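**Student:** Before we start, here is the structure in question, set down as structure tokens.
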Amino acid sequence: MKNLYRSRARILAAIFAALGFVILIQIVRIQYSSQAAAFLQQGDRYSGEFRTLYPERGQIYDRHGFLLAGNKTVYEVGVSLRDVKNPNSVALSMSVVLNMDYDTVYNNLINPPEGLVYMVLKDYVPSQQALALKDLQAQLAEQYQKTGDPSLAGLSFNAHLQRTYPENTLGSNALGFVTLEGRGYFGVEEKYNDLLAGVPATVWVPESPNRAEELPQIPKGSDLILTLDREVQAAVEQILNDALTETNAQAGTIVVMNPKNGEILAMASSPQMNLNDFSNYTSIYHNASEFNRAVSMQYEPGSVIKILTMAAAIDSGLVAPGTTYLDTGFYEIGGGYVYNWDRGAWGVQDMTGCLANSLNICMARLADLMGQDTYYTYMRRFGLGHPTGIDLAGESSGRLKTPGDEDWYQIDLGTNAFGQGVALTPIQLMTAASALANDGKMVYPHLLYGMVSNGHQYDTPTQILGTPISPQSARTVSEMLAAAMERNQSLARLDGYRLAGKTGTAQIPENGVYQPDAINASFIGWGPLDDPQFMIYVWLERPEADWASYVATPVFHTVAEKLVVLMKIPPDAVRQQLAGQ
Amino acid sequence: MTASAPVRSRGARRTFAAYLEAVSSLDAGFSLPPALRQQWLVMFAGAVAILAVLAGLYLDVSSRAAISGRDIQSLELAIAANERSNADLETQLASLLSNQTFEARAVALGYQPLTRDDLDYVLVPGYIPDNSVHLTMESQQEGRIANEPAFQQSLLEWIAQQLESASAPLPQ
């Protein structure tokens, strides 16, 4: 009997040993089978996930450290379909709290696409609403713990950052905006998008806590410090909007720049938009160039360009301020005639009178005497027809026809000299005019004062674009412009401060014909004359007025008056007295 | 119809023979003297105990690693939440200090915009306005602390110093 049990036990032991041996063989076989790689891959796939870490977008400050563009927390509200207990509750809460359509949410929850385990219900939900939903979810979970009905189980909240603009419309034309996809459009946001956005990194994040590692620190995007002065910007926008209302102009632009270093202190264009509601863009602007007229919109500037013609004539040695000529009321050039703005003959005029009275004939004559080569060489030196390179997206290059172009005619030499047949942007003319205010040195206009990256600040140095005229010529023309303003009692003058400037009234061509009742009114000026600290450009499009001196000049005066207060610039007498002490 | 008898291969026969021999050995083991058998049992129990201790240690270490891993993951989440909170607070502060808000408060308090006529300029000897912009803390000097060594002497030097001070004569 004992032997019988022993033999049975041996047989059983043999069976189990054989089974164990088979299992071992199978383990080894699987390790080296053709499917082994696929199994390994499958295991790896579920052991973690590749996660893309997006750095926080850099902030934008004005020159005094006021935040112009920052970030705020918003939520992606989603639902884990397996965990939903009551679709009705979820749909109802989304409808009430997030103003979503109940039927749409409910149907999506009831009939989700095949294989879907997680569904995004709404993204970019403001914090308050997301927190309200979270509270509701917690309350329902507590109150209806046993029955589970109603329940918001399955709702999940994924926090992330979204661009926000605390100043709303302030500086909108220069700043641009960031869309929900995180890409910058227009202005600084587009120009410096790569710097601001930083470099995202994709890392493998294991699910197992045993393999958890510290995520790499992704440096946030660079912070930008702009040259804009918030107070000046606000004042300029206010003045521009008031001017548009008073003159019934269709649009307008005011730019304030430091002519010594090219720093843009304010850049206002109409209309402004609340950058937090960037989805309204298409209803506010008809095309992209309207977003910032100061850099994107080119136009015939009219008489403001005479300062460049006169600078070329003075610098080339053709004339001096006291040089006179006889104005007969017309001038023949290239087979055509040019006339003064009033079609009158102004008799004997010196060069200052030529500027003071804004005489077209004088300018056409100067250009003609200089000759096309000299004249266009100077205009090219002033950068006309080329983008300035300002650090804003969408800059237009303007148009300067030159000899050799198919559409250039000899008469263009005369008309270009007083601002017809040439297209410029306000920033182009300011850049060119900076040579006059800055001892002949033309500066690079820019908005970036500096950038802060990894705790270090890197400032933008002043860049000189060229020296189109000599320092002496620059001072001479500036003095002539100041004298011209004083001679004709310009409304631009400011008591206690000597300023230099020039108006520009340009009829607007439509279908090749200049319209008598549609003008672009401009004014460019700078001051104080002996130590220029600001340059102002005013452009009003189609105001209800005949001459820029009635509409653009007072606006310049108002801006200058505001600037001397905000920039703490003492009157000339006080300044000279303080300098003498 | 023919039926062939199962044929055992030579290899199978050998394997079976080896198995029978092993089983016989095990049987022989049961027939060992009690003292020797006890010795075997104690050794076996000891081996099992050592294995259990090792397994326990492994479990302890791995559970600690898992807890640390969870801590890391929750800290990562906390860091991200703090960064978002910082951004939120900075934006809220900027909204409170925005130009529009300031202007509204100033008007509500009865302030008037400054005009040129309200200004008086006085000379302050030695005052030079600083118009530069600094958004970073230049005085931070991050590198200095990091470059300073935590210890100024080696372990041997330290021991020598301790011995020296211990063997020094007591002050009178």
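The values are calculated or read from the model by the stated rules, or taken from the named source; none is laboratory data. Note that the coordinates shown come from a computational prediction; the quantities given were computed from them, not determined experimentally. Positions of Cβ are backbone-derived with ideal geometry, glycine not excepted, and every protein chain shown enters the neighbour counts. Accessible surface areas use protein heavy atoms only, side chains included; no ligands, DNA or RNA. Shrake-Rupley method; radii C 1.70, N 1.55, O 1.52, S 1.80 Å.
**Student:** Compute the distribution of all C-alpha to C-alpha distances in region A:72-164, in bins of 10 Å from 0, and list the percent of pairs in each, rounded to whole numbers.
**Tutor:** 17, 50, 29, 4, 0
**Student:** Before rounding to the nearest 500, sum -39500 (n - 2.57) across all DSSP H runs of length at least 4 in chain A and divide by the residue total; then give [θ] at 222 nm in deg cm²/dmol. Don't skip to the answer; put the middle values down first.
**Tutor:** Values: 20 runs with 220 residues, N = 581.
Taking each H run of at least 4 residues, the total per residue is -11500 deg cm²/dmol.
**Student:** Further question: Report the full-extension gain for the segment A:S397 to A:D101: residue separation times 0.36 nm, less the Cα-Cα distance, to one decimal in nm. Don't jump to the answer; show the numbers that get you there.
**Tutor:** Numbers: separation 296, 0.36 × 296 = 106.56 nm, distance 4.82 nm.
Full extension of this stretch gives 101.7 nm more.
**Student:** Which whole-number percent of Cα pairs in region A:6-156 have a distance greater than 22 Å? Don't skip to the end; give the middle numbers.
**Tutor:** Details: 7372 of 11325 pairs.
The proportion of pairs with Cα distances above 22 Å equals 65 percent.
**Student:** How large is the convex hull of the C-alpha atoms of region A:230-580 per residue, in Å³? Please report the intermediate quantities before stating the final value.
**Tutor:** Details: hull volume 53.1 nm³, N = 351.
Hull volume normalised by residue count: 151 Å³.
**Student:** Return the percentage of antiparallel bridges among DSSP beta bridges fully within the protein assembly as shown, rounded to the nearest 5 %. Don't skip to the answer; put the middle values down first.
**Tutor:** Values: 80 of 84 bridges.
DSSP beta bridges in the protein assembly as shown are roughly 95 percent antiparallel.
**Student:** Excluding A:F16 itself, calculate the net charge of residues whose Cβ lies under 15 Å from the Cβ of A:F16, where each Lys or Arg counts +1 and each Asp or Glu counts -1.
**Tutor:** Values: positive: A:R8, A:R10; negative: none.
Neighbour charge sum, excluding A:F16 itself: +2.
**Student:** Also, quick follow-up: Quick one: pull the percent of accessible area on chain A belonging to carbon and sulfur, 1.4 Å probe, ligands and nucleic acids left out. Walk me through the intermediate numbers first.
**Tutor:** On the way: 13570 of 26290 Å².
Answer for chain A: carbon and sulfur cover 52 percent of the accessible area.
**Student:** Roughly how big is the A-B contact, given as buried accessible area in Å² (both sides, 1.4 Å probe, nearest 100)? Could you put the intermediate results ahead of the total?
**Tutor:** Details: alone 28010 and 17080 Å², together 41430 Å².
Roughly 3700 Å².
**Student:** Two-decimal Rg/Rh of region A:469-581 from alpha-carbon positions, Kirkwood Rh? If you can, show how the numbers build up before the last one.
**Tutor:** Numbers: Rg = 16.0 Å, Rh = 15.1 Å.
Computed over Cα atoms, the ratio is 1.06.
**Student:** Taking only protein heavy atoms into account and a 1.4 Å probe, give the accessible area per residue of the protein assembly as shown in Å².
**Tutor:** Numbers: 41430 Å² over 753 residues.
For the protein assembly as shown, the solvent-accessible area averages 55 Å² per residue.
**Student:** If all Cα-Cα distances of region A:149-275 are sorted into 10 Å bins from 0 onward, what percent lands in each bin, rounded to whole numbers?
**Tutor:** P(r) for region A:149-275, in whole percents per bin: 10, 29, 25, 16, 11, 7, 2, 0.
**Student:** Once the whole set of protein chains is in place, how much accessible area is left on A:D546, using a 1.4 Å probe, in Å² to the nearest 10?
**Tutor:** Accessible area, nearest 10 Å²: 100 Å².
**Student:** Rg and Dmax of region A:300-428, Cα atoms, in Å?
**Tutor:** When restricted to the Cα atoms of region A:300-428, Rg and Dmax are 14.5, 47 Å.
**Student:** Please compute, over every Cα-Cα pair in region A:21-97, the percentage with a separation greater than 15 angstrom.
**Tutor:** Value for region A:21-97: 80 percent of Cα pairs lie more than 15 Å apart.
**Student:** Let me ask another. Out of every Cα pair in region A:260-370, what percent are spaced more than 24 Å from each other? Can you show the working numbers first?
**Tutor:** Numbers: 2846 of 6105 pairs.
Result for the distance tail: 47 percent.
**Student:** Still on this model: Set Lys and Arg Cβ to +1 and Asp and Glu Cβ to -1, take the dipole of region A:230-580 about its Cα centre, and tell me which of A:L465, A:Q428, A:T402 lies farthest positive.
**Tutor:** Checked the options; the winner is A:L465.
**Student:** Given the Cα-Cα distance of A:A38 and A:V22 and 0.36 nm per residue of separation, how much length would full extension add, in nm? Please list the in-between numbers first.
**Tutor:** Working: separation 16, 0.36 × 16 = 5.76 nm, distance 2.30 nm.
Taking A:A38 through A:V22 to full extension adds about 3.5 nm, to one decimal.
**Student:** Please arrange A:E479, A:E263 by accessible surface area, largest first, computed with a 1.4 Å probe and ligands excluded. The partial results should precede the final answer.
**Tutor:** Working: A:E479 80, A:E263 25 Å².
From most exposed to least exposed: A:E479, A:E263.
**Student:** Another question, if that's okay. Mean shadow of region A:379-538, computed from the convex hull of its alpha carbons, in nm²?
**Tutor:** Details: hull surface 50.7 nm².
Spelled out: convex hull of the Cα atoms, projected over all directions, averaged, 12.7 nm².
**Student:** At 0.36 nm per residue, and after removing the present C-alpha to C-alpha distance, how many nm does the segment from A:Q129 to A:D373 gain when stretched out fully?
**Tutor:** On the way: separation 244, 0.36 × 244 = 87.84 nm, distance 6.73 nm.
Extending this stretch completely gives an extra 81.1 nm.
**Student:** How large is the translational diffusion coefficient of the protein assembly as shown in µm² per second when you combine the Kirkwood radius over alpha carbon pairs with Stokes-Einstein at 37 °C and 0.692 mPa s?
**Tutor:** Working: Rh = 33.5 Å.
Translational D for this selection: 98 µm²/s.
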